[in-house]
Amino acid sequence: DSTGILLSYKVWKALGYSLLLAFTCSFFAGTCGILIGYGVVKCRGSKLSGWVNALAFFPYLIPSLAFGAVYLALASRIPALHGFAVLALVGSVKYLPFASRAGVNAMLQLSGEIEEAAVITGVKWSKRMLRIIFPIQKSSFLSGYLLPMVSCMRELSLFILLVPTSNTLLTTMLMQYSEKGWAQFGNAINLLIIVVVLLVNAAVNKLTGASIDKGVGG
């Protein structure tokens, strides 16, 4: 491809596919992380809480390539699990440790008396989460969404075995350019990934006050 990356349809298609995957993984991993954090803190000290916390952290201990190979074998046995679905599933599970840690830290910072007062007044659990807990710890929770998004945008080893031939990610395109010896194109793709991540982080920071550079837990 002799055109620049900003004029290439393939690059824009890969960027859109990468962003869609990143936001999907971020949504599922972040939401599950909040629920895990809530459950772990509320049942703190129990064996079940310890087991859930340990299992949520377990995917972090498995190498990305091996993790992708496991889900490749799983996808071959389940016809409905293919293409984007398996990418979103493997990404959500792999980045769950980051999101769950943010959820646990956010809940540890929240005083229990706040929710107890809502329980006494008869506020339902869903309203307590959406109207009370989430607004108070918004920055910390949104950091749990941002971390999987950033990790997904830069990931290669996890998705290399699972990316369908009809689509490609920016990271796989970067690898293809590097293998062909097109160093300038590869560096440009790498720069594009960095710029996109910084823009997303800046936009979320501007709108909500949450940011990766503020660390996990706000």
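The values are calculated or read from the model by the stated rules, or taken from the named source; none is laboratory data. Here the structure is a predicted model, which means the values were calculated and not measured. Positions of Cβ are backbone-derived with ideal geometry, glycine not excepted, and every protein chain shown enters the neighbour counts. Surface accessibility is based on the protein's heavy atoms, side chains included, excluding ligands, DNA and RNA. Shrake-Rupley method; radii C 1.70, N 1.55, O 1.52, S 1.80 Å.
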Q) Cα axis of helix 84-94 to longest principal axis of the chain: angle in degrees, 0 to 90, nearest 10? A) 50
Q: Pick out, in residue order, every one of the trypsin sites (Lys or Arg not before Pro) in segment 10-113 that is DSSP loop and has at most 15 other C-beta atoms within 10 Å; say none if there are none.
A: ARG44
Q.
Given Cβ point charges of +1 (Lys, Arg) and -1 (Asp, Glu) and nothing else, what value in debye, to the nearest 20, does the dipole of the chain about its Cα centre take?
A. 400
**Q.** Of ALA117, ALA22, ALA56, the one that fluctuates the most in a GNM where the chain has Cα springs shorter than 10 Å
**A.** ALA117
Q.
Whole-Hz ³J(HN,Hα) for each residue in segment 44-52, computed from phi via Karplus 6.51 cos²θ - 1.76 cosθ + 1.60 with θ = phi - 60°, x for glycine and proline: what do you get?
A. 4, x, 8, 5, 4, 4, x, 5, 4
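Of LYS13/LYS94; LYS94/LYS180; LYS10/LYS180, which ones are farther than 19 Å apart at the Cα?
Values: LYS13/LYS94 24 Å; LYS94/LYS180 30 Å; LYS10/LYS180 16 Å.
Beyond 19 Å: LYS13/LYS94; LYS94/LYS180.
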Q: Add +1 for every Lys or Arg and -1 for every Asp or Glu among the other residues with Cβ under 13 Å from the Cβ of VAL41, and state the total.
A: +2
Q: Compute the signed sum of charges (Lys and Arg +1, Asp and Glu -1) over the other residues within less than 11 Å, Cβ to Cβ, of GLY112.
A: -1
Q) Normalised by the residues of segment 44-98, what does the relative contact order come to in percent, with Cα pairs under 8 Å and at least six apart? A) 50
Q.
Restricting to Cα pairs below 8 Å that are 6+ residues apart, what does the relative contact order work out to for the chain? Please round to a whole percent.
A. 30
Q | Phi-based couplings in Hz for segment 174-185 (Karplus 6.51, -1.76, 1.60; Gly and Pro marked x) | A | 4, 5, 4, 5, 5, 5, 7, x, 8, 4, 5, 5
Q: Could you look at the chain and say what percent of its accessible area is carbon and sulfur, using a 1.4 Å probe and all protein chains?
A: 68
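Can you tell me the accessible area per residue over the chain, all protein chains present, probe 1.4 angstrom, in square angstrom?
54
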Q: Starting from the eigenvalues of the Cα gyration tensor, five times each then square-rooted, give me the equivalent ellipsoid semi-axes of the chain, largest first, whole Å.
A: 36, 21, 14
Q: Could you go through segment 27-38 in sequence order and give the Karplus-derived ³J(HN,Hα) for each residue, using 6.51 cos²θ - 1.76 cosθ + 1.60 with θ = phi - 60°, rounded to whole Hz, and x for Gly and Pro?
A: 5, 6, 5, x, 5, 5, x, 5, 5, 5, x, 4
Q) What value does segment 105-197 have for Rg/Rh, both radii from Cα atoms and Rh as Kirkwood defines it? A) 1.27
Q. Dipole of the chain (Lys/Arg Cβ +1, Asp/Glu Cβ -1, origin at the Cα centre): which of PHE134, ILE62, VAL200 lies farthest to the positive side?
A. PHE134
Q. Stretched out fully, how many nm does the piece from TYR9 to LEU130 gain, at 0.36 nm a residue minus the Cα gap?
A. 39.6 nm
Q: Could you tell me the distance between the Cα centroids of segment 86-145 and segment 1-46, to the nearest Å?
A: 18
